[in-house]
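Heads up: the structure comes next, in structure tokens.
The values are calculated or read from the model by the stated rules, or taken from the named source; none is laboratory data. Just so we're clear, the structure is a prediction, and the values are computed from it rather than from any experiment. Here the Cβ positions follow ideal geometry from the backbone for every residue, glycine too, while neighbour counts run over all protein chains shown.
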Ligand code: PMP
């Protein structure tokens, strides 16, 4: 172990990384770690992919970055074409950023700019959901329903309206189990009406909740139902696919599965697969049109927006995924992988739920399977499991707070799309061992 020096993260005693190859990382002490969650669902092609690295090197050899507002580039143009096509043709523009929070920030601002361009300056408010995560910048944090991460900043956040999470395992208390979609659509409509439709700009949600829920896909019919409510009141839909998009769930857009296209969408983690930071905000033609005719350009953007080498990295990542038909693999193998995880963990009474889609799987732990009561927060069960797995050479993603912002323990699995069958098996064996060890420890 080497001490992390001056990281600013308050972390110490972290192993010092040496290199990565495929689905494995190696530290300087010679320990191997299987990447079972891509960190937080980032590394969709594993590590040190030679084709991605040579695409980046080739770009660096010509130019690392030509400032976006002075030059376009082949990498940026080809990536935009690819992204618009992979997203199914429902968007017109792609705006790049350096990460997921910036992509969300741009999405929120584009929604406001859209209504400004239409002269509807009262439409300023956002509706978001409890148990959600959209990022760490002030705007993105404002729309995030994550109590523990908001607490230190309360008082300076935007005045956002929150509605219930769409979670079939933990539905709202007064909701009949088979009426969840109707309940949530009615709640959203009620919130819009209460605020006044003339004041609401957009509804933002994660089609599959990531860190704040432990992989929670919305129930069938939810995406279409909330889109219909929003359309009725001239409210834009922002789908935050920073974590679940770019193929993670088996379709390039998670909402493709639901047959729904949002007005604005964000994507980041799997876009360039962690080779270079990159996020993007996709804008539908009906939102782009008034902005283009009234303002001429989007009023969002940063110094490094559309960084050339980052675009070259993402283009290589996306081309390899397409060429090697990796989303087919994620769809097909994802279902059996999830079933194997479920089977392997079934003997633990404390495993309440195994869920997800594609290579995006969540395991939720409960003190009692029947009542679904969570463990006390100070037990730190998910982090205990995560640490045991890490010590055993498996990276998984422990999350807490999915029940009420404080309690709740989940583990996310999100392996690279090209992880081999034997690697997927190793993930299950090591996770099962970590769960067993943590639960035996009490
Ligand atoms: N949206 C979602 C759904 C996320 O999962 C995250 C990151 N976990 C973000 C936004 C923020 O992305 P970043 O950490 O890259 O700023």
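From the list 386, 356, the lone residue that is modelled with pLDDT of 95 or more, touching a helix residue (DSSP H, G or I) at 6+ places or on another chain (Cβ under 7 Å) and under 15 Å from residue 411 (Cα atoms) is 356.
Conditions (1) farther than 27 Å from residue 38 by Cβ; (2) assigned to a helix (DSSP H, G or I), marked per residue:
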| site | (1), (2) |
| --- | --- |
| 184 | yes, yes |
| 203 | yes, no |
| 219 | no, no |
| 249 | no, no |
| 255 | no, yes |
| 274 | no, no |
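Based on what the data block shows, is residue 247 on the phi > 0 side of the Ramachandran plot, more than 13 Å from the ligand (Cβ to nearest atom) and over 18 Å from the mean Cα position of the chain (by Cα)? No, not satisfied.
So, of the residues in segment 98-149 that are in a helix (DSSP H, G or I) and modelled with pLDDT under 95, which turns out to be nearest to the ligand (Cβ to nearest atom)? It would help to see each step written out before you state the result.
Step one: filter segment 98-149 for residues in a helix (DSSP H, G or I), giving 100-117, 138-142, 147-149.
Cutting the leftovers down to modelled with pLDDT under 95 gives us 147-149.
Details: 147: 16, 148: 14, 149: 10 Å.
Among those residues, the one meeting the criterion is 149.
Could you list, in sequence order, the residues of segment 172-200 that are loosely packed, with under 13 Cβ neighbours inside 10 Å, at pLDDT 95 or above and under 18 Å from residue 220 (Cβ atoms)? Within segment 172-200, 179 is the sole residue that qualifies. The numbered conditions (1) within 16 Å of the ligand (Cβ to nearest atom); (2) within 25 Å of residue 253 (Cα to Cα) are all true for residue 227 except (1).
When 203, 153 are screened for being exposed (fewer than 14 other Cβ atoms within 10 Å of the Cβ) and in contact with a helix residue (DSSP H, G or I) (Cβ under 7 Å, 6 or more places away or on another chain), only 153 passes. Among residues of segment 24-74 being buried (at least 20 other Cβ atoms within 10 Å of the Cβ) and within 16 Å of the ligand (Cβ to nearest atom), the one that is farthest from residue 323 (Cα to Cα) is 37. Considering only segment 134-145, I want to know if a residue exists there that is surrounded by fewer than 20 Cβ atoms within 10 Å (Cβ to Cβ) and touching a residue at least 60 places away in the same chain (Cβ under 8 Å). No: zero hits. Across segment 383-399, the number of residues qualifying as buried (at least 17 other Cβ atoms within 10 Å of the Cβ) and without any contact (Cβ under 8 Å) to a residue 60 or more places away in the chain comes to 5.
Here's the yes/no breakdown for (1) crowded, with 16+ Cβ neighbours inside 10 Å; (2) not assigned by TED's automatic domain parsing to the domain that holds residue 418:
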site: 292; (1), (2): yes, yes
site: 308; (1), (2): yes, yes
site: 311; (1), (2): yes, yes
site: 333; (1), (2): yes, no
site: 339; (1), (2): no, no
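Considering segment 276-318, the residues that are part of a helix (DSSP H, G or I) and over 23 Å from residue 89 (Cβ atoms) include one that is nearest to the ligand (Cβ to nearest atom), namely 310. Scanning segment 420-436 turns up at least one residue that is in a loop (DSSP other than H, G, I, E, B) and either within 19 Å of residue 338 (Cβ to Cβ) or assigned by TED's automatic domain parsing to the domain that holds residue 34 (or both).
This table checks each residue for (1) without any contact (Cβ under 8 Å) to a residue 12 or more places away in the chain; (2) in contact with a strand residue (DSSP E or B) (Cβ under 9 Å, 6 or more places away or on another chain); (3) more than 20 Å from residue 248 (Cα to Cα); (4) part of a strand (DSSP E or B).
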| residue | (1), (2), (3), (4) |
| --- | --- |
| 34 | no, yes, no, yes |
| 40 | no, yes, no, no |
| 44 | no, no, no, no |
| 52 | no, no, no, no |
| 57 | yes, no, yes, no |
| 68 | no, yes, yes, no |
| 76 | no, yes, yes, no |
| 83 | no, yes, no, no |
